[in-house]
1. Going 7 Å from the Cα of residue 60 along its beta-carbon direction, which residues of segment 30-54 have the amide nitrogen within less than 19 Å of the resulting point?
2. Quick check: pseudo-label points 7 Å beyond the Cα along Cα→Cβ at residue 234 and residue 114, how many nm apart are they?
3. For a quick check, take a GNM of the chain with Cα springs below 10 Å and name the residue from 160, 237, 245 with the largest mean-square fluctuation.
4. Test of understanding: in a Gaussian network model of the chain with alpha carbons linked when under 10 Å, which of 132, 15, 114 would top the mean-square fluctuation ranking?
5. With labels modelled as points extended 7 Å from the Cα through the Cβ direction, what inter-label distance (nm, one decimal) is found for residue 268 paired with residue 5?
6. Taking one equal scatterer on every alpha-carbon of the chain, how large is log10 of I(q)/I(0) by Debye at q = 0.15 1/Å?
7. Dividing the alpha-carbon Rg of segment 68-140 by 2.2 N^0.38 Å yields what?
8. Working from Cα positions, state the angle (0 to 90°, nearest 10) between the long axis of helix 268-280 and the longest principal axis of the chain.
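Each value in this text was obtained by applying a stated rule to the coordinates, not by laboratory testing. Remember, it's a predicted structure, so these values are computed and weren't measured experimentally. We place every Cβ from the backbone using ideal geometry, glycine too, and count neighbours over all the protein chains shown.
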């Protein structure tokens, strides 16, 4: 009975040269009230003493130390190769710059128990520096404009972001998926070195009647973009390259034409002005 009510969840946390944030994330996970889970830290070849800290401070947490940085997709896929799991188990992929609420995992598992078409569940994500503002309350993908947006980003949290709903894509910051489904989808696509691997997985997952469910009672806090800087040129460059890869992979011929036109006349000029604004403010 316990296994049926509380399926096992394998919580996978990637780390690369960010031991302090990862330590705080792990401490928050260890305070959750879900009774059937394990944590795996995947270290992407850090050079800041991360591995030693995890071994000393978290001896009961599994640790996979990689000999090179496999980035988000490769690191999480390596975790699955390392883990022992059953097909009815769940994987929770969680960014290391997050803090989780005590009951967040219960509310991520509930959508699977209540809806047989649920293939991925995601939480409400708030800014850690301003917990009244939303970072993610679901996601929208436009295959005609070639854009990806978080619902509610930078808006004040409130009732409109407090209802469960189906959404278009799950953020890799925190997503929960059944082990058997993740394997059927052939895991994350390693060609996405950073950014859009979560959207790619979501597009593939939503085939047929499958649903991605936003579960707002599950709440986490996110220290946004600690590794690259919120509006760094490198972050913007990597996002654009992987957006191109995403839409080239999934968009139709006519959609690629409309995407190209929208990017030339609206998206790229607007993005440049936005970058200048955030740099100067």
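1. Flagged as within label range: 30-42, 53-54.
2. 4.2 nm
3. In the Gaussian network model the winner is 160.
4. Maximum fluctuation in the GNM of the chain, among the listed residues, is at 114.
5. 5.7 nm
6. -1.22
7. Values: Rg = 14.6 Å, N = 73, 2.2 N^0.38 = 11.2 Å.
Normalised Rg, Cα atoms only: 1.30.
8. 60 degrees
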